[in-house]
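**Q** Here you go, one structure.
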Amino acid sequence: MSRLHIADTGLFVAMGQPSNSRYQAVRRFARQNDITFVLPERVYDELAVENPDVEAPPVTVAIDEEWTTVASPLDFSEPIVSRAMDGVQRYIANGDDRPADDVERADAALAALAAQHLSTGTATEVYIYTTDIAAGEGAETVLASEGYGDSVTFVDGFQFIEDLVTGDS
Amino acid sequence: MSRTSNHADGDIVRDLLSIADLLEDPQLAQLYAYLAREAEATVPDVMDELDLAQGTAYNYVNRLVDAGVVEVTNDEQPRRYAAHEIDLTVSTPAGDREYTITPALIDAVGRRETNADIDTYIDRHGVAGLATALTYAVARERGEVTHRLMADDLDISPLAAEMILQALRPVVYEHYDVDKAGTALDELDVGGGAADDT
């Protein structure tokens with residue numbers, strides 16, 4: 001049984017810099033459980049921007065330390081990948097009463113990556129770590145409608161880190 | 001219109017000006033937010049909590065009392081002070097939009113003293129921009145929007161949106177009712193068998 005751990009931008013922002021106990025707690029969790037967090041390409045692009053105003057999240061450090069990796073491009077030839085993408089865009093749009101086309105595709109990329117791995121069998125269980133509740137619940141809802149209700153878990157990024165840090169102290 | 005209601009109009013304008021002062025001065029905002037949270041406090045409490053010198057603490061507390069947003073609740077020494085609830089709704093002439101200035105916004109402004117992300121955001125987008133961000137922060141914690149929708153709407157980078165949303169999150173939980181979502185760590189069964197995604 002193989003598990004896939006998909007991380008969103010907010011998890012890395014919430015971890016802070018490598019000197020921070022939150023970053024260290026997530027890294028320890030990954031190593032102890034032999035987990036590699038996978039970032040959809042669009043998420044990596046968000047995190048890796050050069051912005052003089054902000055201290056960039058340490059995504060490249062986590063990749064160099066080999067507990068985080070960037071996913072290969074989504075395979076849209078798998079029909080379920082497009083369906084998951086569209087479904088999550090619709091779900092998020094409904095929550096805020098706006099057209100689905102307005103919804104950023106990076107929000108839906110989390111679910112689309114999960115769908116791809118579940119349908120090809122490279123993962124049997126997927127965990128999605130995000131700080132956007134709408135994206136996490138959207139992924140669970142849409143993938144449940146594809147028959148993967150028991151295989152997808154939305155993990156709130158803030159709660160996850162809080163639990164890890166509390167557990168460590 | 002009676003003189004009584006004219007007097008009440010004056011009070012509203014005075015409130016508006018007082019609140020504008022609070023939003024301009026993060027240390028006053030921080031002090032107001034502290035008093036609002038504590039229900040009642042003395043000047044020594046304020047000095048301890050906000051790390052202020054005695055003279056500065058008295059000066060700030062008196063300014064808030066003069067502005068009418070804080071009152072003396074017990075005149076015996078040491079005096080105790082309490083914040084008045086602020087809830088001021090401003091609307092556009094057309095009446096199509098309105099915004100309510102709440103203790104949450106004042107709290108958020110006060111945190112600029114101790115939070116670099118809030119400070120940077122106000123530098124770039126002003127207190128008005130922070131008010132907008134706070135609206136998104138509440139909606140995000142309620143699962144209605146994502147950081148990317150906010151970034152698109154406001155034409156800022158998704159990373160900048162995520163950072164200010166995270167900086168404002170404690171304000172949201174302090175002032176609004178929000179349910180927790182997602183699965184907790186102790187319910188996760190994550191051990192072993194990482195998927196191959198190379």
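**Q** Can you classify the protein assembly as shown as rounded, prolate or oblate using the Cα gyration tensor, where a ≥ b ≥ c are the square roots of its eigenvalues, rounded means a/c under 1.5, and otherwise it's prolate if a/b beats b/c and oblate if not? Mind showing how you got there, number by number?
**A** Details: a/c = 2.67, a/b = 1.88, b/c = 1.42.
Here the protein assembly as shown falls in the prolate category.
**Q** Further, regarding this structure: Taking the Cα centre of region A:51-169 as origin, work out the dipole magnitude from +1 charges on Lys and Arg Cβ and -1 charges on Asp and Glu Cβ, in debye rounded to 20.
**A** 460
**Q** Now for a separate question. If amide hydrogens are placed 1.01 Å from N in the peptide plane, which non-local residues have theirs closer than 5 Å to the one on A:Asp156?
**A** B:Thr183
**Q** Over the protein assembly as shown, with the other protein chains present, what is the accessible area per residue in square angstrom, probe 1.4 angstrom? Please report the intermediate quantities before stating the final value.
**A** Values: 17110 Å² over 367 residues.
Per residue, the protein assembly as shown has 47 Å² of solvent-accessible surface.
**Q** Right, another one. Which of rounded, prolate or oblate describes region B:81-134 when judged by the alpha-carbon gyration tensor and an a/c cut-off of 1.5?
**A** Values: a/c = 3.73, a/b = 1.26, b/c = 2.95.
Cα axes put region B:81-134 in the oblate bin.
**Q** Report relative contact order for region B:1-128 in percent, whole number only (criteria: Cα-Cα under 8 Å, sequence separation at least 6). Kindly include the intermediate steps, with their values, before the conclusion.
**A** On the way: 143 pairs, mean separation 34.6, N = 128.
Relative contact order here is 27 percent.
**Q** Still on this structure, please answer the following. If I compute solvent accessible area with a 1.4 Å probe over the protein chains, what percent of it on region A:16-169 is carbon and sulfur? Numbers along the way, then the final one.
**A** On the way: 2790 of 6600 Å².
Within region A:16-169, the accessible surface is 42 percent carbon and sulfur.
**Q** If you line up the long axis of helix B:116-141 against the longest principal axis of chain B, both from Cα atoms, how many degrees apart are they, to the nearest 10?
**A** Value to nearest ten degrees: 70.
**Q** Considering only B:Pro93, B:Ser18, B:Asn59, whose Cα is most displaced toward the positive end of the charge dipole of region B:1-93, charges sitting on Cβ of Lys, Arg (+1) and Asp, Glu (-1)?
**A** B:Pro93
**Q** Within a 10 angstrom radius of each residue's Cβ in A:122-134, how many Cβ atoms of other chains show up on average? Whole number is fine.
**A** On the way: counts 3, 5, 2, 4, 1, 4, 2, 1, 3, 9, 10, 12, 11.
For peptide A:122-134, the averaged partner shielding equals 5.
**Q** With N set to the number of residues, divide the alpha-carbon radius of gyration of region A:1-103 by 2.2 N^0.38 Å and report two decimals. Provide the component values of the computation, followed by the final result.
**A** Details: Rg = 15.8 Å, N = 103, 2.2 N^0.38 = 12.8 Å.
Rounded to two decimals, the normalised Rg is 1.24.
**Q** B:Ala128 versus B:Thr73, label points 7 Å from Cα toward the beta carbon: distance in nm?
**A** Inter-label distance under the simple model: 3.6 nm.
**Q** Only Cα pairs within less than 10 Å get springs; with that Gaussian network setup on chain B, which residue of B:Leu28, B:Leu105, B:Leu17 has the largest fluctuation?
**A** In this elastic network of chain B, the residue with the biggest mean-square fluctuation among B:Leu28, B:Leu105, B:Leu17 is B:Leu17.
**Q** Can you give me the long-range amide H partners of A:Phe37? Hydrogens built in the peptide plane at 1.01 Å from N, cutoff under 5 Å, separation of 5 or more residues or another chain.
**A** Hits under the 5 Å cutoff: A:Thr68, A:Thr69.
**Q** For chain A, what does the relative contact order come out to in percent, with C-alpha contacts under 8 Å and a separation of six or more? Can you show the working numbers first?
**A** Details: 280 pairs, mean separation 49.2, N = 169.
Relative contact order comes out at 29 percent.
**Q** Compute the long axis of helix B:54-67 from its Cα atoms, compare it with the longest principal axis of the Cα atoms of chain B, and write down the angle in degrees, 0 to 90, nearest 10.
**A** 80
**Q** Under 5 Å between amide hydrogens, which residues at least 5 positions from B:His84 or on another chain qualify, with H placed 1.01 Å from N in the peptide plane?
**A** Those qualifying (amide H under 5 Å, at least 5 residues apart or on another chain) are B:Val70, B:Glu71.
**Q** Here's something else I'd like to know. Build a GNM of chain A with springs between Cα atoms under 10 Å: which of A:Gln32, A:Gln89, A:Gln116 gets the top mean-square fluctuation?
**A** Most flexible of the set in this elastic network: A:Gln32.
**Q** Cβ neighbours within 10 Å, averaged per peptide: list A:124-131, A:105-112, B:130-137 in order, most packed at the top.
**A** Numbers: A:124-131: 24.6, A:105-112: 26.8, B:130-137: 21.4.
The most tightly packed comes first, giving A:105-112, A:124-131, B:130-137.
**Q** Treating only the Cβ atoms of Lys and Arg (+1) and Asp and Glu (-1) as charged, compute the dipole magnitude of region A:90-148 about its Cα centre; round to the nearest 20 debye. Provide the component values of the computation, followed by the final result.
**A** On the way: 3 positive and 11 negative charges, 40 e Å.
That gives a dipole near 200 debye.
**Q** Then there is this: What does the charge dipole of the protein assembly as shown about its Cα centre add up to, to the nearest 20 debye, if the Cβ of each Lys and Arg holds +1 and the Cβ of each Asp and Glu holds -1? If you can, show how the numbers build up before the last one.
**A** Values: 25 positive and 69 negative charges, 27 e Å.
In total the dipole reaches around 140 debye.
**Q** Over all residues in B:132-145, what is the mean tally of Cβ atoms on other chains that come within 10 Å of each residue's Cβ?
**A** On the way: counts 0, 0, 0, 0, 0, 0, 0, 3, 5, 3, 3, 10, 7, 9.
The per-residue average across the peptide is 3.
**Q** Could you work out the pair-distance distribution P(r) of region A:1-43 from its alpha-carbon pairs, with 5 angstrom bin width and percents rounded to whole numbers?
**A** Final binned percentages: 5, 21, 27, 27, 14, 4, 1.
**Q** Name the residue from B:Gln166, B:Gly129, A:Phe12 whose Cα lies farthest towards the positive end of the charge dipole of the protein assembly as shown, charges +1 on Cβ of Lys and Arg and -1 on Cβ of Asp and Glu.
**A** B:Gly129
**Q** Say each of A:Glu55 and B:Asn59 gets a label point 7 Å from the Cα, pointing the same way as Cα to Cβ; how far apart are those two points in nm?
**A** According to this spin-label approximation, the distance is 3.1 nm.
**Q** Related question: What are the ³J(HN,Hα) couplings of region B:161-178, residue after residue, when phi is run through the Karplus curve with 6.51, -1.76, 1.60 and θ = phi - 60°? Round to Hz, x for glycine and proline.
**A** Ordered by residue, 3J(HN,Hα) equals 5, 4, 5, 6, 4, 5, 5, 8, 4, x, 5, 4, 5, 6, 10, 10, 7, 9 Hz.
**Q** Quick check: pseudo-label points 7 Å beyond the Cα along Cα→Cβ at A:Asp34 and B:Leu17, how many nm apart are they?
**A** 7.1
**Q** Which residues in region B:113-138 have a backbone N closer than 13 Å to a point placed 7 Å from the Cα of B:Glu98 along the Cα-to-Cβ line?
**A** none
**Q** Does region A:42-84 come out rounded, prolate or oblate, given a ≥ b ≥ c as the square roots of the eigenvalues of its C-alpha gyration tensor, rounded meaning a/c under 1.5 and, failing that, prolate meaning a/b above b/c? Please report the intermediate quantities before stating the final value.
**A** On the way: a/c = 4.27, a/b = 1.91, b/c = 2.24.
It is oblate, given that a/c is not under 1.5 and a/b is not larger than b/c.
**Q** Further question: What do you reckon, how do B:Ile118, B:Ile156 stack up by accessible area (1.4 Å probe), largest on top?
**A** On the way: B:Ile118 0, B:Ile156 30 Å².
Largest to smallest exposure gives the sequence B:Ile156, B:Ile118.
**Q** If you take each beta carbon of peptide B:155-162 and count the beta carbons of other chains within 10 angstrom, what is the mean?
**A** Working: counts 0, 0, 5, 11, 13, 4, 2, 13.
Mean shielding by partner chains, rounded to a whole number: 6.
**Q** Quick check: the distance between the Cα centres of region A:119-148 and region A:31-90, to the nearest angstrom?
**A** 15
**Q** Please list 3J(HN,Hα) in residue order for region A:9-14, calculated via the Karplus relation 6.51 cos²θ - 1.76 cosθ + 1.60 where θ = phi - 60°; whole Hz, with x for glycine and proline.
**A** Whole-Hz 3J(HN,Hα) from phi for region A:9-14: 3, x, 4, 6, 5, 5.
The values are calculated or read from the model by the stated rules, or taken from the named source; none is laboratory data. The structure presented is a predicted model; accordingly, all values stated were derived computationally and were not measured. All Cβ positions, glycine included, derive from the backbone under ideal geometry; neighbour counts span all protein chains shown. Ligands, DNA and RNA are stripped out before the accessible areas are found, and what is left, the full protein with its side chains, is counted by its heavy atoms. Shrake-Rupley method; radii C 1.70, N 1.55, O 1.52, S 1.80 Å.
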